[in-house]
1. Hey, can you tell me all the residues within segment 33-62 that are modelled with pLDDT of 75 or more, open to solvent by less than 100 Å² (accessible area, probe 1.4 Å) and among the aliphatic types (A, V, I, L, M)?
2. Across segment 1-23, what is the number of residues that are assigned to a loop (DSSP other than H, G, I, E, B) and either surrounded by 10 or more Cβ atoms within 10 Å (Cβ to Cβ) or touching a helix residue (DSSP H, G or I) at 6+ places or on another chain (Cβ under 9 Å) (or both)?
3. Would you be able to say whether some residue in segment 34-51 is outside any loop (DSSP other than H, G, I, E, B) and among the polar types (S, T, N, Q)?
Amino acid sequence: MSRESVRAREDDDVAAQARHARFGSLPEPVRVEDLVEEKPAVTPDPARFAYNPDEWLVRYCA
């Protein structure tokens, strides 16, 4: 082997070690719960659910 090919092989080994140090392992898995954020589309309106359809039975039929 020539001196240049030995040097090139050493450079390849160093580059391979650097790649392995940087990309050698996978990142930690991300949970599905961390991928999704739920927000209400509009702010809740308290008057929307204030009517009780059974309330008239208590007030007028009891």
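The values are calculated or read from the model by the stated rules, or taken from the named source; none is laboratory data. Just so it is clear, the model here is predicted, and its values are computed rather than measured. Ideal geometry is used to build each Cβ from the backbone, glycine not excepted, and the neighbour counts take in all protein chains shown. What goes into the accessible areas is simple: the full protein's heavy atoms, side chains included, and nothing from ligands, DNA or RNA. Shrake-Rupley method; radii C 1.70, N 1.55, O 1.52, S 1.80 Å.
1. Within segment 33-62, Val36, Ala47, Ala50 qualify.
2. Summing the residues that are assigned to a loop (DSSP other than H, G, I, E, B) and either surrounded by 10 or more Cβ atoms within 10 Å (Cβ to Cβ) or touching a helix residue (DSSP H, G or I) at 6+ places or on another chain (Cβ under 9 Å) (or both) in segment 1-23 gives 1.
3. No - not one qualifying residue is present in segment 34-51.
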